[in-house]
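See below for the structure under consideration.
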Amino acid sequence: MTHSTRNISSSILMLLMAVMLWGCDKEEIVFDSELPQFETRAGYQLLEVIMPQTTQTSDRIYIAGDFNGGAEAAVGDPRWQLEKAANSDAKWGIYLNPADFAEGKTLADGYTFISAEQGEERTLSNQVAVHTEAPALGARLNVTVARWAAYFDTPANPDEIEHDGYVIYVVDNSGYDAIAMYAWGDAEAFGGWPGMAPTGTVAIDGTTYKYFDTGAANAGLNINLIFNDNGAGQQLADYNLTLDKDYYLELTPDGVTEYDPTASVEHDGYAVFVYDASGWADLYLYMWGDTNDLNGAWPGMAVTGTQTINGVTYKYFDLGEANIGQNEHVILNDGNGTQVDDAVVFACDRDVYIELKGGRATEIDPATYVPAADDTPDTPDTPDTPDTPDTPDTPDNSVYYTLYVEDLTGWDQLYIYGWGDKEAFGVWPGRECDKVTTIAGVTYRVWNVAGEGETVNLIFNDNAGTQYDAATITLDNDYTFTAEPESVIARRPAMLIRRK
């Protein structure tokens, strides 16, 4: 062996050792939602599907595409029905045998997922979702369903009912086949005996009420109500009130009593109540700590319901009886790049009440809390509030994705410039981060960027002459990077990881 050959061999050996050592120094990152949940099978393609938080364990979910005749043929056929993983409510799987496919068709021809209960799969922007990726035979592939069609259905909102005057809401446990409400006092306000029938029926916070619109012309009257069986011979004792507000009443065979609408909500464990004046389109609660992804992978769980307490309407998240004692960090977010870290850090051992406003989460006392006069929940921020579009009168229907960058460059400042299908971060040198946040003990610089699947080449630079080509991304997902002085390491979204 010549001297030069020995030098080359030594160099190669040192390079291999360096690579091995570098690999050992890096932390292994494991994603809870991406952990394998099914064993592979020879001759089958295994799809492991990460489901939206709204998916119920009892849902019936199918795969459909040209390869199996589409939705009409697939739904109801057990060959195409997914199975929920035994150890994960977020992960479902299906084994596919290409021998069952239509002749000449493969998964690459396109496929989607359908929930018999919640409709077809949709993208974050409510578009039709189609997948084309496929695993090899005997291998697995992770696929993510972003939303079900039912997510975008707008439920009937009791607040949108146009009432005539004050309203009397009744929980009817009288046992009568039919009910009427008669009034006497300042006036026979609702006509002669037996009075008026219910105006309608409405469900509020899970409780169904019969309601009576009392008429704007009757406001201020002091009256005695007689609830009766619509003149068939039975009636309850008189109930006196003044028509100066809405009333909630319960009828039983023993009489009429005031009803507390807040007492009707049965919670699963403790809850986080949020008075939402954020202006965000959606609200999610993500938890990490003793157990990451405690109530669902990022962006976390959707709102469980709404509840009015002392005249203030809160969105609430039930945390689960089984989770009491778990030490968790709570991140409130809109599922679209905006978040408030550590809204509360606690052991899931008490109810928590929070005001979410102006990018901050403040714990409040529901017994004394009164929203500011200018607070309008679910209304976009005023134009002088940060992160509001430049033209607040024009709705921004863009879908935003987030880049999280752990900055180890040592530079005085870090800019991202993007080129390709568009200059995603503006003209050179791009722009600095939108904010800095700490997740799971790691500090990230955060960029939010609108995207519709464009391909963008990233250049990290310090706007002072130092730069390098960082990565090529597609604007259809969130990304996480570690930026070193001369190169970048691609990670996955930090809020989805467990570090070993």
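Figures for the structure shown
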| quantity | calculated |
| --- | --- |
| Highest-first arrangement of 59-67, 34-42, where packing means the average Cβ count within 10 Å | 59-67, 34-42 |
| Under Karplus coefficients 6.51, -1.76 and 1.60, residue-wise ³J(HN,Hα) of the range 167-173 in Hz, glycine/proline x | 10, 10, 8, 10, 8, 9, 10 |
| Cα convex hull of the range 288-357, projected area averaged across orientations, nm² | 4.9 |
| Peptides ranked, highest mean first, by Cβ atoms within 10 Å: ranges 79-90, 333-344 | 333-344, 79-90 |
| Qualifying GluC sites (Glu not before Pro) for the range 214-288 [loop in DSSP, other Cβ within 10 Å: at most 10] | GLU266 |
| Neighbour net charge for SER58 - beta-carbon separation under 14 angstrom, K R +1, D E -1 | -2 |
| Listed residue pairs exceeding 30 Å between alpha carbons, taken from LYS245/LYS315; LYS315/LYS435; LYS84/LYS422; LYS91/LYS315 | LYS84/LYS422 |
| Efficiency of FRET between THR207 and ALA471 - r from beta-carbon atoms, R0 41 angstrom, step 0.05 | 0.20 |
| Ranked packing of 217-225, 351-359, 281-289, most packed first, by mean Cβ within 10 Å | 281-289, 351-359, 217-225 |
| Gyration tensor (alpha-carbon) shape descriptor, the range 237-313, a/c threshold 1.5 | prolate |
| Surface share of carbon and sulfur [accessible, 1.4 angstrom probe, percent] for the range 78-184 | 47 |
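The values are calculated or read from the model by the stated rules, or taken from the named source; none is laboratory data. Quick caveat, the model's predicted, so the values are computed rather than measured. Methodologically, a virtual Cβ is constructed for each residue, glycine included, from the backbone with ideal geometry; neighbour enumeration extends over all protein chains shown. Side chains included, ligands, DNA and RNA excluded: accessible areas come from the protein's heavy atoms. Shrake-Rupley method; radii C 1.70, N 1.55, O 1.52, S 1.80 Å.
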